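For reference, the structure discussed in these notes is given below.
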Amino acid sequence: MSSSFRFSQLKLGSKFSALLLAVFILGSAIGGLVLSNALQHKAENQVASQGLVLLQTIDSVRNYTDREVRELLQAPLSEDEFLPQTVPSYSSRRVFEMLHEQSGFSEVAYKEAMFNPTNPMDQADDFEMDLIRFFQKHPEEREMSDFRTLPIQGSFFFSARPIAIQNPSCLECHGRPEDAPLAMLDLYGRENGFGWELDSIAGVQVVYVPADDVFQAARQSSVMVMGVFLGVFAIAILALNNLLKPTVIRPIQDLARVSQQLTSGETDQSEELRTHQERLETVATRGDELGQLAKIFQRMVQEVVTREKQLKDQVKALRIEINQAKRSQEVAEITETDYFQDLQAKAKKYRRRNQDDKPADSSADSSK
């Protein structure tokens, strides 16, 4: 109640300023929230796109190793000999390790997380096992991106793709232990990395990027865009406020001032009243609603001034009539008193006696 009462007591210009300020704050808050979410989503998509490009590059290395390098390296080897360089996963990991040494990829991690790997380093953890099960249940899905939090390392943004066993040559080393090269069995043992099946999802390729990199990119873009947004919005609010003052607020203030003077009976053409009326004449030339209102108000002011003048003239004439009637009444009251009647009778008697004395005096003068 008190806040609404205080706001209702503000002048029109203050109300417009307060409303524009509220619009500015609310618009900035909503715009900032929407913009932050949009930029966050954009940063995630950008990092996910970079991760997928890296995964596609590693896939190309795997395919190159499997199709060209593997045959060249295995040609001089016997069935019992084994070179890790002939394994696509080994070559992809080594390529990434070299790539990791570059400055732009020092914070990026790559892992071929397998359900049953030959190399214990590729063993999938619980989170990665969930990813493998997801792709096994949804073979139509080809990629996934989201956030993951590790107890020590912190939060990471990851991009994952399934590893599908589509090449029969993979089963030479990962089918049955009896079919695997002896050198491989000597190196990795017979317990792990076997029993894979063709056209199955055996693992996932995962690229991990620190979430701080994603958030930092989003914050930098958000600060820059938000600064431009606030600047443009503030300029628009100030321009609108300055435009409203001469075109809306001041004419309404002139209308209110003239109305106040008319209400208080100040119809005399004072300097202040003439100033407000001159401003209204300027507003009346406009073709908008305020111009129409000013025209109607001017006619109303003229009618009020004319009626006020007529009323004053009527009051003046009425006062004269009242004074004359009052004077007549006072004279009547005097003439109707006993004293005045007696005095009037004495005056008549005196005048009659004087008239009677005049003939006697005339006769005496003639006898002489």
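Return the pair list, or none, for Cβ contacts closer than 7 Å from residues in region 301-313 that are under 19 Å from R257 (Cα atoms) and in contact (Cβ under 8 Å) with a residue 40 or more places away in the chain to residues that are of a type outside the set (S, T, Y) and in a helix (DSSP H, G or I), at least 6 apart or on different chains.
The qualifying pairs are V301/V258; V301/L262; V304/L262.
Could you please find all residues in region 283-312 being open to solvent by less than 80 Å² (accessible area, probe 1.4 Å) and of a type in the set (D, E)?
Hits for region 283-312 are D288, E308.
From D146, D130, grab the single residue that is open to solvent by 40 Å² or more (accessible area, probe 1.4 Å), free of Cβ contacts under 8 Å to residues at least 24 places away in the same chain and assigned to a helix (DSSP H, G or I).
Step by step, each of D146, D130 is checked, and only D130 is open to solvent by 40 Å² or more (accessible area, probe 1.4 Å), free of Cβ contacts under 8 Å to residues at least 24 places away in the same chain and assigned to a helix (DSSP H, G or I).
Can you name every residue in region 149-183 that is among the β-branched types (V, I, T) and either open to solvent by less than 30 Å² (accessible area, probe 1.4 Å) or at pLDDT 80 or above (or both)?
Scanning region 149-183 gives T149, I163, I165.
Which residues, counting only those in region 104-127, are modelled with pLDDT under 90 and part of a helix (DSSP H, G or I)?
G104, F105, P120, M121, D122
Where in region 249-340 are there helices (runs of 4 or more DSSP H), lying wholly inside it, with at least 1 residues that are among the hydroxyl-bearing types (S, T, Y), farther than 27 Å from S14 by Cβ and modelled with pLDDT under 75?
In region 249-340, 289-335 are the helices (runs of 4 or more DSSP H) which contain 1 or more residues that are among the hydroxyl-bearing types (S, T, Y), farther than 27 Å from S14 by Cβ and modelled with pLDDT under 75.
Is there a residue in region 207-218 that is without any contact (Cβ under 8 Å) to a residue 40 or more places away in the chain and either farther than 15 Å from Q40 by Cβ or charged (D, E, K, R) (or both)?
no
Which residue is nearest to P120 (Cα to Cα), if the candidates are limited to region 65-91 and must be modelled with pLDDT of 80 or more and out of contact with any helix residue (DSSP H, G or I) (no Cβ under 6 Å at 6 or more places or on another chain)?
Filtering first and then ranking leaves V69.
For the subset of region 213-229 comprising residues that are open to solvent by 60 Å² or more (accessible area, probe 1.4 Å) and hydrophobic (A, V, I, L, M, F, W, C), which member is nearest to N37 (Cα to Cα)?
Checking each candidate, the answer is F215.
Checking N116 against (1) surrounded by fewer than 18 Cβ atoms within 10 Å (Cβ to Cβ); (2) under 16 Å from S159 (Cβ atoms): exactly one of these is not met. Which one?
Exception for N116: condition (2).
The values are calculated or read from the model by the stated rules, or taken from the named source; none is laboratory data. This one's a predicted model, so the numbers in the text were calculated from it and none came from an experiment. Virtual Cβ from ideal backbone geometry, glycine too; neighbours counted across all protein chains shown. Calculation scope for accessible area: heavy atoms of the full protein, side chains included, ligands and nucleic acids excluded. Shrake-Rupley method; radii C 1.70, N 1.55, O 1.52, S 1.80 Å.
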